[in-house]
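Chemist: Have a look at this one before I ask anything.
What follows draws every value from the coordinates through simple rules; no lab data is involved. Small disclaimer: the values here were computed from a predicted structure and weren't measured. A quick note on method: Cβ atoms are made from the backbone with ideal geometry, for glycine too, and the neighbour counts reach across all protein chains shown.
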Amino acid sequence: MRLSFEKQKKIGGFLFTLPFVIGFFLFFLYPLVQAVIFSFNELVLTSTTFELQPRGWENYRYALQVHPEFTRTFVEVIGQLLTRLPLIIAFSFFAATLLNQEFRGRALVRALFFLPVIMSAGIVMRLEMSDYSVIMLQASRSGAGFGGAVLRNLFAESAYMPSWLLDYVIGAAESLPIVIRSSGVQILIFLAGLQSIPREIYEAVSVEGATPWERFWLVTFPMLTPLLLTNVVYTIVDSLTAMNNELVIMIRDTMLRGAGYGAAMAMAMIYFVTIAIILLVVYRLISRRIFYYVE
C-alpha cells in the first residue's frame, strides 16, 4: 500500500514529536502533578518517608506577601528577560549573517561563537559560579559602576536621548558579554536557516532588479520567520531556567534551607505559570506573521 505525500508528511510529523510526547508523560507529567500537590501542603519528613499537611493557599500567600525577596527578584528576572531578548535575537541574526559569508577560517570562527554554549553547560557553569576570582570580579563591577557612568556621559555629551532610551542603551552595552554567551544555539539555528534558502530565489529577485536591502526584507527575513519564533521561545526558556538564574537559585534555597518544599513549590508554580503565559503571548504575536515556504 503506497501512502500519499500528505499522509507521509503527517506520519513524519508524528514520529518527529513522538519522543517529546513519550518524555512528557514518562518524565514530566508526574513531577508536575506532584509539585502542584506539594504547593498546597507542608511536606514533613519522617524517618522512612514524608507526610503532607494541608495548607491551602498559605504557601502562595507566603511567596507573594511574606517572603522578603521573591516578588522583587521575580520582577527583576522578568525585566532582564524583556531587556535582553531583543538583544540576543538581533545579535544572533547579525552573527549568523556574517558567518554565512565566504571567508578563510570560517569553521574556526563558527566554533568560537559556539564555545560559550559549552562553557555555560553543566559542571563548567558550577565551577565558574564557585570560582572566587569570578565572584570578586562581578562584585567589583556591580559596586563601581564605572562603565555605566562613562557610557552615560558619552551619550549625554554626543546626542540627546530620552532617559529611558539612554538607560536601555547603557544596559545593553553592559550586558553584551551575557548576550554573546547566550547566543550560541540561536546563531546555529539562524545559520542553518540561511543556508537552507534556495539560491534560485535570490537569482530570481536579482533578475527582477531587487537591491540587497530589498532581497533581505523580501526574501531572507520572511524565510527565517519560523526560525525567529524558534529562537525566541528557546531564548525565553533558556534565560528563565538557567542555573545561574537568581529566582531559580532562590527557589532552591527556599526548599533546602528556607520555608520548605511547600513554599518552594508554590514559588515554582507561580514562576511556571508566568513562563507559560509569556510563551503563549509570544507565540500568538509572532505566529501570525510567520511565512512558511513550501517547495
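Chemist: Among the trypsin sites (Lys or Arg not before Pro) in segment 251-295, which ones are in a DSSP loop with at most 11 other Cβ atoms within 10 Å of the Cβ? Mind listing them?
Modeler: Within segment 251-295, the qualifying trypsin sites (Lys or Arg not before Pro) (loop, at most 11 other Cβ atoms within 10 Å) are R288, R289.
Chemist: Let me ask something else about it. Quick one: dipole size for segment 217-295, taken about the Cα centre, charges +1 on Lys/Arg Cβ and -1 on Asp/Glu Cβ, in debye to the nearest 20.
Modeler: With Lys and Arg at +1 and Asp and Glu at -1, about 180 debye.
Chemist: Go through Q101, I89, I22 and say which Cα lies farthest out towards the positive end of the charge dipole of segment 1-111; charges sit on Cβ, +1 for Lys and Arg, -1 for Asp and Glu.
Modeler: Result: Q101.
Chemist: Roughly how many Å is it from the Cα centre of segment 30-95 to that of segment 232-282, as a whole number?
Modeler: The distance from the Cα centre of segment 30-95 to that of segment 232-282 comes to 4 Å.
Chemist: List the chymotrypsin sites (Phe, Trp or Tyr not before Pro) within segment 52-110 that fall in a DSSP loop (any state other than H, G, I, E or B) and whose Cβ has at most 16 other Cβ atoms within 10 Å.
Modeler: Sparse-neighbourhood loop chymotrypsin sites (Phe, Trp or Tyr not before Pro): W57, F103.
Chemist: Applying the Karplus parametrisation 6.51 cos²θ - 1.76 cosθ + 1.60 with θ = phi - 60° to the phi angles of segment 276-288, what ³J(HN,Hα) value in whole Hz is obtained for each residue in order, glycine and proline being reported as x?
Modeler: In residue order, the calculated couplings are 4, 5, 4, 5, 5, 5, 4, 5, 5, 6, 8, 4, 5 Hz.
Chemist: Continuing with the same structure: Please list, in chain and number order, the residues 5+ apart from E42 or on another chain whose amide H is under 5 Å from its amide H, with Hs placed from the backbone.
Modeler: For E42, the qualifying residues are Q53, R55.
Chemist: Within segment 41-117, report the GluC sites (Glu not before Pro) that DSSP leaves as loop and that have at most 16 other Cβ atoms within 10 Å.
Modeler: In loop regions of segment 41-117 (DSSP not H, G, I, E or B), the sparsely surrounded GluC sites (Glu not before Pro) are E69, E102.
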